[in-house]
Amino acid sequence: MYTHLLLPTDGSALSERAIDHGVALAKAVHASVTGVTVSEPLSALSIEAVAIADVSEDYRKEIAAAAEKHLDVVRKAAAAAEVVCDVVHVEGPHPYQGIIDTAKAKGCDVIVMASHGRPLSAIVLGSETVKVLTHSTIPVVVCR
């Protein structure tokens, strides 16, 4: 069935539930997992040139620490289930594209991710999950 699952995370409780589901599915079908978190780059449009270097470095440290924390949830869940796991931190302006690009680069055959749980706002605002569903060429399992 599946051999390699991509598990995107944003650190939310919903994404943690999707991680648990994805790891359980991977264990059941003897697949491996890759956890991914995507951080949006700092927009420098409203920052004075002198302050950009300091703010940018601080921002990079903060997103790296947050990413490590999010990905550690994937690592621990996979280790507890004895599932082979890799993790990736991607930086890009469009999280959905980072998720899809990582799935392709890592050879994943399914993406298991969380819904944000508010279907109406997904239609109005456009969630990352909806964008992945719309643009992915591989199956996407959405967990609520």
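Some values worked out for this structure:
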{"read-out": "Looking only at the range 52-105, and only at residues there that are of a type in the set (D, E, K, R) and part of a strand (DSSP E or B), the one that is farthest from Thr129 (Cα to Cα)", "value": "Asp86"}
{"read-out": "Pair list, Cβ < 6 Å and 6+ apart or interchain, from the range 76-97 residues that are of a type in the set (Phe, Trp, Tyr) to residues that are surrounded by 18 or more Cβ atoms within 10 Å (Cβ to Cβ)", "value": "Tyr96/Glu128; Tyr96/Val132"}
{"read-out": "Where a residue in the range 11-36 is more than 12 Å from Val73 (Cα to Cα) and its partner, wherever it lies, is buried (at least 17 other Cβ atoms within 10 Å of the Cβ) and hydroxyl-bearing (Ser, Thr, Tyr), with Cβ under 6 Å and at least six apart", "value": "Val29/Tyr2; Ala31/Tyr2"}
{"read-out": "Residue among Val74, Val90, Val84, Val141 that alone is among the aliphatic types (A, V, I, L, M), modelled with pLDDT of 95 or more and surrounded by 18 or more Cβ atoms within 10 Å (Cβ to Cβ)", "value": "Val74"}
{"read-out": "Residues of the range 106-138 classified as modelled with pLDDT of 95 or more, of a type in the set (Gly, Ala, Ser) and either assigned to a strand (DSSP E or B) or surrounded by 13 or more Cβ atoms within 10 Å (Cβ to Cβ) (or both), total", "value": "1"}
{"read-out": "Top-ranked residue in the range 37-51 [being of a type in the set (A, V, I, L, M, F, W, C) and outside any helix (DSSP H, G or I); ranked as modelled with the highest pLDDT]", "value": "Val38"}
{"read-out": "Selected residue (criterion: farthest from Ile111 (Cα to Cα)) from residues of the range 7-36 that are out of contact with any helix residue (DSSP H, G or I) (no Cβ under 9 Å at 6 or more places or on another chain) and assigned to a helix (DSSP H, G or I)", "value": "Ala13"}
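The values are calculated or read from the model by the stated rules, or taken from the named source; none is laboratory data. On a predicted model such as this, the values are computed, not experimentally measured, just so you know. FYI the Cβ positions are ideal-geometry reconstructions off the backbone, even for glycines, and counts take in every protein chain you see.
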